[in-house]
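Engineer: Before anything else, here's the structure in question.
The values are calculated or read from the model by the stated rules, or taken from the named source; none is laboratory data. Note that the structure is predicted; figures quoted are calculated from it, not measured. Ideal geometry is used to build each Cβ from the backbone, glycine not excepted, and the neighbour counts take in all protein chains shown.
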Amino acid sequence: MRRPLAALAVILSTLTFVSACGSDEAPSSSSTDPKVIQITIDGDSVTPNGDRVDVAVGQDVELDVTADAPGEIHVHSSPEQEFEYEAGDSTFTIKGIDQPGIVVVESHTLEKTIVQLEVK
Amino acid sequence: MSPDGINLAHGLGGAKDLPISPELAIAGATAALVVSFTVLAVAWRNPRYDAATSGRPAPDWIVAIVDSTWWRVLWRVVGFVVFLYVGAAAIFGKDLVINPVFGVFYVWWWVGLVPLSLLFGPVWKAISPVRTINLGFAKISGSDPDTGVFTYPERLGHWPAAVGLFAFVWLELVYPYSTEIGPVRLWCAAYVAVMLVGGALFGNTFYEKADPFEVYSTLVSRMSVWGRRDDVLLIRSPLANLDATPVRPGLIGVVAVLFGSTAFDSFKDSAHWVKFVQNHEGLSGYAWNNLGLLTFCVAVGAIFATGTMLTGLGDDLKRRELPNLFAHSVVPIVVGYVVAHYLSYLVEVGQLTLIQLSDPFSNGSNYLGTGNLQVSYWLSYHPTLLANTKVVAVVAGHVLGVIAAHDRAIRILPRRHQLTGQLPLLFAMIAFTVGGLYLLFAA
């Protein structure tokens, strides 16, 4: 038992060492320009269609929606947010999210993921 | 009101964890690989764990508490009070996501049982309200709760539990209306009904072998320090405890559903899968997710079973017995991956549930006094710590799994096949761990 345990200790400490090198960039400031996402909703289809979008912690996200019918967009942040839009063009702002994580932005009406915001 | 179950994380909303960095994923995979072959090369050559002798009796004062009637009654009462309280919220509460039923069902019950069982042993067995009702019926009718009308068929083993666990993960991960009260209520009613009929027909044996939650909780408790032999409470090393897991038909099915479904939960949120599903309109997202969940569970079972069976054998064993003889070694891998996948979810949605429990009927009351607490998102604000914890949990689970499988192999395989016979299983485990890390990286 002793030798494998020693090996395990060595490996886990190596792991900690390796991972310690590649992390913790400087925190980004919240004063950057908002990330603009153009969203087109036409019938049953939505563009973008489930893409990942990198967003800085605290950065506002602007959703420019062009839709052919009224509907609802859900933002699965903690806590969740909802936006209702009319047919035509509308613009919404998701206030800067300061909790790192993946936030799904979804067309509630079509039950489709529009984008996943990778907040980091 | 949120009927949009399809894209909700793990059935309940909110932000999800960031993917782990590629450096961390590669470091974890390398560690898993190196440890695997180190164990094979340098570990012991004679089996160390023997269920008949391992462990030592627990100190008298612990036995005096744990084996006393008041202790057993206390936990039965606690379990039943929670059952009635949450049952009332399910029946009389509103169909809103702030109804605590969802958090209790998907987070406290499903995920919370894992750490509780790791720390305290078979927790669900002690608090299970269906066991309590069965006990009550037996007391009233003057019968023995342990025996039913029939003897539980040995051949069934844990298969009914595997089916029940699959039914749970299907509701959580695939069913589009998983966050509406109706389906959750129906699922729970069906669970209670099946458990009560089963208990009446087969006695307590039914709960031990077929209750999905008891099987899950008791299996995880095999990695705790608490064991029993001939009714004597033992303290033993988790690996020795794990080795004493009874080998029953269907054990492989249980671990395959547990690991396969957790992996699928990671996978279904990956951008690849979301885009794929949304671009293939021929089949609905619901159908794709059904297919995905089933494929993950079956693939895990098939890869593991193949890994165990590709070995030379003596005359005393049949090849098809091997998957269940080794299935206990997947338990640490499952636990490691559950930690990696659900840690922030358990901590954060778990707190939210405690807050919501104070207002079971969503009318603004604060019965428990917890209604004004705030959820601490401390863990999410420390993504590097979270990512490191995840990888350490996955690698540690892998190491324990490999050791458990190694000890079993040198006990049951003939000496000349012990080294080569272990290799296919080792590759299967490495595939699970590297695959799991890849999903944490790609999710």
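Engineer: Tell me whether the stretch B:69-81 contains one or more residues that are surrounded by 19 or more Cβ atoms within 10 Å (Cβ to Cβ), in contact (Cβ under 8 Å) with a residue 12 or more places away in the chain, part of a helix (DSSP H, G or I) and aromatic (Phe, Trp, Tyr).
Structural biologist: Within the stretch B:69-81, none of the residues are surrounded by 19 or more Cβ atoms within 10 Å (Cβ to Cβ), in contact (Cβ under 8 Å) with a residue 12 or more places away in the chain, part of a helix (DSSP H, G or I) and aromatic (Phe, Trp, Tyr).
Engineer: Among the candidates B:Ile20, B:Ile26, single out the residue that is within 30 Å of B:Tyr381 (Cβ to Cβ) and not in a helix (DSSP H, G or I). Spell out the reasoning first.
Structural biologist: On the way: B:Ile26 fails: not in a helix (DSSP H, G or I).
Criteria check complete, one pass: B:Ile20.
Engineer: Quick one: how many residues across the stretch B:208-260 are more than 16 Å from B:Val330 (Cβ to Cβ), in a helix (DSSP H, G or I) and more than 17 Å from the chain's Cα centre (by Cα)?
Structural biologist: Of the residues in the stretch B:208-260, 1 are more than 16 Å from B:Val330 (Cβ to Cβ), in a helix (DSSP H, G or I) and more than 17 Å from the chain's Cα centre (by Cα).
Engineer: When the residues of the stretch B:16-36 are filtered to those that are more than 7 Å from chain A (Cβ to nearest Cβ) and without any contact (Cβ under 8 Å) to a residue 12 or more places away in the chain, which remaining residue is farthest from B:His398 (Cα to Cα)?
Structural biologist: It comes out as B:Ile26.
Engineer: Return the only residue of B:Tyr106, B:Tyr191, B:Tyr177 being among the hydroxyl-bearing types (Ser, Thr, Tyr) and in a loop (DSSP other than H, G, I, E, B). Steps first, answer last, please.
Structural biologist: On the way: B:Tyr106 fails: in a loop (DSSP other than H, G, I, E, B); B:Tyr191 fails: in a loop (DSSP other than H, G, I, E, B).
Criteria check complete, one pass: B:Tyr177.
Engineer: Search the stretch B:408-424 for residues being among the charged types (D, E, K, R) and surrounded by fewer than 21 Cβ atoms within 10 Å (Cβ to Cβ), and hand back the single one that is modelled with the highest pLDDT.
Structural biologist: B:Arg411
Engineer: Inspect all residues belonging to the stretch B:39-52 and state whether any of them is part of a helix (DSSP H, G or I), in contact with a Pro (Cβ under 6 Å, 6 or more places away or on another chain) and within 20 Å of B:Pro332 (Cα to Cα).
Structural biologist: Yes, the conditions are met somewhere in the stretch B:39-52.
Engineer: Also: Give B:Phe296, B:Phe259, B:Phe304, B:Phe326 a once-over and let me know the one that is in contact (Cβ under 8 Å) with a residue 40 or more places away in the chain, more than 22 Å from B:His417 (Cβ to Cβ) and more than 14 Å from chain A (Cβ to nearest Cβ). Before the answer, list the steps.
Structural biologist: Values: B:Phe296 fails: in contact (Cβ under 8 Å) with a residue 40 or more places away in the chain; B:Phe304 fails: more than 22 Å from B:His417 (Cβ to Cβ); B:Phe326 fails: more than 22 Å from B:His417 (Cβ to Cβ).
Selected residue: B:Phe259, the only one of B:Phe296, B:Phe259, B:Phe304, B:Phe326 that is in contact (Cβ under 8 Å) with a residue 40 or more places away in the chain, more than 22 Å from B:His417 (Cβ to Cβ) and more than 14 Å from chain A (Cβ to nearest Cβ).
Engineer: Return only the number of the condition from (1) away from chain A (no Cβ under 14 Å); (2) of a type outside the set (Gly, Ala, Ser); (3) more than 18 Å from A:Ser77 (Cα to Cα); (4) assigned to a helix (DSSP H, G or I) that B:Tyr342 does not satisfy.
Structural biologist: Checking B:Tyr342 against (1) away from chain A (no Cβ under 14 Å); (2) of a type outside the set (Gly, Ala, Ser); (3) more than 18 Å from A:Ser77 (Cα to Cα); (4) assigned to a helix (DSSP H, G or I), the one that fails is (3).
Engineer: So, in the stretch A:54-91, exactly how many residues are assigned to a strand (DSSP E or B), surrounded by 17 or more Cβ atoms within 10 Å (Cβ to Cβ) and more than 10 Å from every other protein chain (Cβ to nearest Cβ)? Give the derivation first.
Structural biologist: In the first step, residues of the stretch A:54-91 are kept if they are assigned to a strand (DSSP E or B); the result is A:54-55, A:61-67, A:71-76, A:81-85, A:88-91.
Then drop every residue that is not surrounded by 17 or more Cβ atoms within 10 Å (Cβ to Cβ), which leaves A:55, A:61, A:63, A:65, A:67, A:71, A:73-76, A:83, A:85, A:90.
Those still in the list that are more than 10 Å from every other protein chain (Cβ to nearest Cβ) too: A:55, A:61, A:63, A:65, A:67, A:71, A:73, A:83, A:85, A:90.
Looking only at that region, the number is 10.
Engineer: Let me ask another. Would you mind finding the one in B:Ala32, B:Ala27 that is among the aliphatic types (A, V, I, L, M), modelled with pLDDT of 90 or more and under 23 Å from the mean Cα position of the chain (by Cα)? Reasoning before the result, please.
Structural biologist: Numbers: B:Ala27 fails: under 23 Å from the mean Cα position of the chain (by Cα).
None of the other options fit; the residue is B:Ala32.
Engineer: Something else: What's the number of the condition B:Leu354 fails, among (1) crowded, with 20+ Cβ neighbours inside 10 Å; (2) under 30 Å from B:Asn372 (Cβ atoms)?
Structural biologist: So B:Leu354 meets the others, but not (1).
Engineer: Sticking with this one: Assuming B:Thr420 fulfils every condition listed in (1) facing chain A (nearest Cβ under 10 Å); (2) over 16 Å from B:Val335 (Cα atoms) apart from one, which condition is it?
Structural biologist: Evaluating B:Thr420 over (1) facing chain A (nearest Cβ under 10 Å); (2) over 16 Å from B:Val335 (Cα atoms) leaves (1) as the failure.
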